[in-house]
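Notes for the one structure printed next.
Just so it is clear, none of the values below were taken in a lab; they were calculated from the coordinates. Quantities reported herein were computed from a predicted structural model and do not represent experimental measurements. Cβ placement follows ideal geometry from the backbone for every residue including glycine, while neighbour counts extend to all protein chains displayed.
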């Protein structure tokens, strides 16, 4: 299995929509609930997957993700959900 790599990240702050425009929920044995507030976003990619994952990260470590065909699609989703501007993203190449 190939290792997922973070290629971009941003910390969400008071200039971003919080909560975002979309709802992410958890379904488990206790039923369905919303994620705690997201504190950062990370765009990741796997070497064997042509797509990109927009990871929504909570302070407690929980993660929700969405899959996008292109990097631009992932960036647009973050801008729609939280109003993250393209210039706010930091480049990285860390394992995720």
Selection within region 17-48 - in contact (Cβ under 8 Å) with a residue 12 or more places away in the chain, surrounded by fewer than 19 Cβ atoms within 10 Å (Cβ to Cβ) and outside any strand (DSSP E or B): 17, 18, 19, 21, 22, 24, 35, 36, 37, 46, 47, 48
Flag for residue 14 being over 15 Å from the mean Cα position of the chain (by Cα), over 12 Å from residue 56 (Cα atoms) and surrounded by 10 or more Cβ atoms within 10 Å (Cβ to Cβ): no
